[in-house]
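So the structure is just underneath, and the comments pick up after that.
The values are calculated or read from the model by the stated rules, or taken from the named source; none is laboratory data. Quick caveat, the model's predicted, so the values are computed rather than measured. Cβ placement follows ideal geometry from the backbone for every residue including glycine, while neighbour counts extend to all protein chains displayed. Ligands, DNA and RNA are excluded from the accessible area calculation, which covers all protein heavy atoms including side chains. Shrake-Rupley method; radii C 1.70, N 1.55, O 1.52, S 1.80 Å.
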Amino acid sequence: MATPWYKRVSEGLTKSRERLEGELNILLRKGPDLDEEFWEDLEDALVGADVGATAVTEIVDRLRDSAARQALPDAGAVLDHLADELSREFPSDTQDPLVDGPVVILIVGVNGTGKTTTVGKLATEAARAGRSVLLGSGDTFRAAGVEQLDIWAERAGVPVVRRKRGADPAAVAFDTVQLANETHPDLTLIDTAGRLHTSADLMRELQKVQRIAERESDAPVKSLLVMDATTGQNGLSQAREFHAALDLDALVLTKLDGTAKGGIAVAIVRELGVPIVRIGVGEGADDLKPFVPGEFARALIGRG
Ligand SMILES: Nc1nc2c(ncn2[C@@H]2O[C@H](COP(=O)(O)OP(=O)(O)OP(=O)(O)O)[C@@H](O)[C@H]2O)c(=O)[nH]1
Ligand SMILES: [Mg+2]
């Protein structure tokens with residue numbers, strides 16, 4: 001049961017779990033009865049973890065239903081079912097665009113969500129698995145962004161395509177895709193500068209990057225949003241705008257180690273219908289993990 005994966009994710013979710021587990025334990029201490037107060041308190045606990053109001057209502061309705069139908073004896077039995085109900089919120093049959101190569105992936109998101117770090121971690125993961133990787137340094141805005149990507153690339157032993165600071169990121173995408181067409185890497189990742197979802201100009205710039213990449217690439221081009229879990233419900237509106245602009249294929253939820261509101265994962269997948277493919281639980285190369293719904297739900301509530 002305690003695989004290294006589960007252990008690390010579980011550690012990463014400590015803040016979320018301590019909070020939820022604490023509230024669920026209070027619920028249990030109030031007594032085993034499945035009265036109205038129990039269901040309301042359960043709803044409150046889940047909303048407090050940022051699971052999102054509509055999802056919470058449906059999850060708790062399903063739990064009430066199975067409590068009646070399967071004659072669940074008490075609060076403890078209901079909570080044992082909670083992880084299953086939470087994990088049902090995530091699609092179980094999603095393809096992982098990061099492993100079905102060759103593929104070009106555009107990495108997007110607002111400022112500081114962890115895009116460059118995630119590109120570095122993904123490059124490390126793929127290179128270790130013996131896959132060929134190419135990086136495109138599409139953050140031409142910040143000099144430090146290019147250096148940061150270079151450091152990850154060097155460590156992972158993978159090449160980077162770059163242009164000088166201030167260059168058009170679409171030109172970097174062009175160069176990167178051209179090289180990918182020639183060298184056929186399994187995985188091509190194009191980093192982009194952080195931008196506010198409310199900036200129409202910058203969102204258009206991103207659409208241009210996507211258009212050029214799609215036009216030039218022999219391999220399919222996907223877009224992946226890196227979202228900072230600590231931004232909670234605010235992150236949701238960002239995600240909506242990015243999805244509207246780019247038709248996202250995948251999400252990476254970072255900094256789950258820094259929030260007590262890991263339930264945002266449920267809210268976001270429900271809202272966008274875009275699968276989470278990795279989660280970030282720390283700053284190191286090994287702190288990017290596959291997203292496994294059932295295990296995630298268990299690590300989140302500490303039961304099951
Ligand atoms: N704790 C924690 N920190 C993370 C995680 N992912 C990234 N970070 C940190 O978040 C900070 C910002 O990461 P970057 O990768 O530079 O973010 P970015 O989205 O590329 O930033 P911009 O390019 O400026 O928009 C860095 O200090 C990272 O180490 C994570 O999963 N957990
Ligand atoms: Mg960056």
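Explain nothing, just compute: Karplus ³J(HN,Hα) = 6.51 cos²θ - 1.76 cosθ + 1.60, θ = phi - 60°, for every residue of region 206-221 in order, whole Hz, x for Gly and Pro.
Once θ is set to phi - 60°, the couplings for region 206-221 become 5, 4, 5, 4, 5, 4, 5, 4, 5, 5, 8, 7, 6, 8, x, 10 Hz.
Rounded to whole Hz and in sequence order, give me ³J(HN,Hα) for region 275-284 from the Karplus expression 6.51 cos²θ - 1.76 cosθ + 1.60, θ = phi - 60°, writing x for Gly and Pro.
Karplus values, whole Hz, x for Gly and Pro: x, 7, 9, 8, 10, x, 10, x, 8, x.
Treating cross-link reach as a plain straight distance, find the lysines whose alpha-carbon is under 16 Å from the alpha-carbon of LYS255, omitting any fewer than eight places away in the same chain.
Counting by Cα, and skipping residues close in sequence, LYS255 has these lysines nearby: LYS15, LYS115, LYS121, LYS289.
With an 8 Å Cα cut-off and a minimum separation of 6 or more residues, compute the relative contact order for region 187-280 in percent. Don't jump to the answer; show the numbers that get you there.
On the way: 110 pairs, mean separation 24.8, N = 94.
Across region 187-280, relative contact order equals 26 percent.
What is the gain in length, in nm to one decimal, between SER237 and GLN207 on full extension, counting 0.36 nm per residue of separation less the C-alpha to C-alpha distance? Let's see the in-between values first.
On the way: separation 30, 0.36 × 30 = 10.80 nm, distance 1.81 nm.
Difference between extended and current length: 9.0 nm.
Once you order the gyration tensor axes a ≥ b ≥ c over the Cα atoms, which shape class does region 4-87 get: rounded for a/c under 1.5, otherwise prolate or oblate by comparing a/b with b/c?
Working: a/c = 1.62, a/b = 1.59, b/c = 1.02.
Prolate, since a/c reaches 1.5 and a/b exceeds b/c.
Between ASP168 and ALA244, 0.36 nm times their residue separation minus their Cα-Cα distance comes to what?
Stretched out fully, the ASP168 to ALA244 stretch lengthens by 25.1 nm.
Mind jotting down the distance between the C-alpha centroids of region 21-80 and region 95-142, whole Å?
39
Pop out the carbon and sulfur fraction of the accessible area of the chain as a percent, whole number, probe 1.4 Å. Don't skip to the answer; put the middle values down first.
Numbers: 6260 of 13070 Å².
Here carbon and sulfur together make up 48 percent of the probe-accessible area.
What accessible area per residue, rounded to a whole number of Å², is obtained for the chain using a probe radius of 1.4 Å?
Numbers: 13070 Å² over 304 residues.
Each residue of the chain exposes 43 Å² on average to a 1.4 Å probe.
Straight-line reach from LYS208: which lysines fall under 16 Å, measuring Cα to Cα and dropping same-chain residues less than 8 apart?
Straight-distance partners of LYS208: LYS222.
Hey, with R₀ at 30 Å, roughly what FRET efficiency would ARG215 and ARG270 work out to, going by the Cβ-Cβ distance, to 0.05?
Working: r = 33 Å, r/R0 = 1.10.
Efficiency, from the Cβ-Cβ distance: 0.35.
Which one, PRO32, THR14, VAL51, is farthest towards the positive end of the dipole of region 4-87 when Lys and Arg carry +1 and Asp and Glu -1 on their Cβ?
THR14
Between LYS15 and ARG64, what is the label-point separation in nm under the 7 Å Cα-to-beta-carbon projection?
With each label point 7 Å from Cα toward Cβ, the separation is 3.3 nm.
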